[in-house]
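Student: What follows is a single structure, and I will ask about it in a moment.
The values are calculated or read from the model by the stated rules, or taken from the named source; none is laboratory data. Keep in mind the model is a prediction, meaning the values are calculated, not measured. Keep in mind that these areas ignore ligands, DNA and RNA; they rest on the heavy atoms of the full protein, side chains included. Shrake-Rupley method; radii C 1.70, N 1.55, O 1.52, S 1.80 Å.
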Amino acid sequence: MNQTQHQRWSKIRSGGFFKYVALNSISIVLGIFLVRLVVHAFSSEQIPFEEFLSAQLMNLGITALVLPFVFWGLWLYQESKYKKVVERSRVK
């Protein structure tokens, strides 16, 4: 972990675990939904919006359940790298 990564992670971790997981998960789910909505709006298929929405809710629901675990794993990974750097700086 270089100095800029270390500083960035220090700022992120000061916000807390819940904020990190929640904001990242919500932003990814909303991003996926908006991209799919734009694709649906410009597609040549004439699927009613209610049918499109019901199909998307199931997919996005599963995604919203899985993403917090993904970001939890990323949090743990980044924390381990951060702690190694902190320990190395204490030893010197």
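Student: When residues of the range 19-50 are filtered for being within 13 Å of the chain's Cα centre (by Cα), of a type in the set (A, V, I, L, M) and open to solvent by less than 90 Å² (accessible area, probe 1.4 Å), how many remain?
Tutor: Here the count works out to 5.
Student: What number of residues within the range 1-18 are assigned to a helix (DSSP H, G or I) and open to solvent by less than 70 Å² (accessible area, probe 1.4 Å)?
Tutor: Residues flagged as assigned to a helix (DSSP H, G or I) and open to solvent by less than 70 Å² (accessible area, probe 1.4 Å) within the range 1-18 amount to 5.
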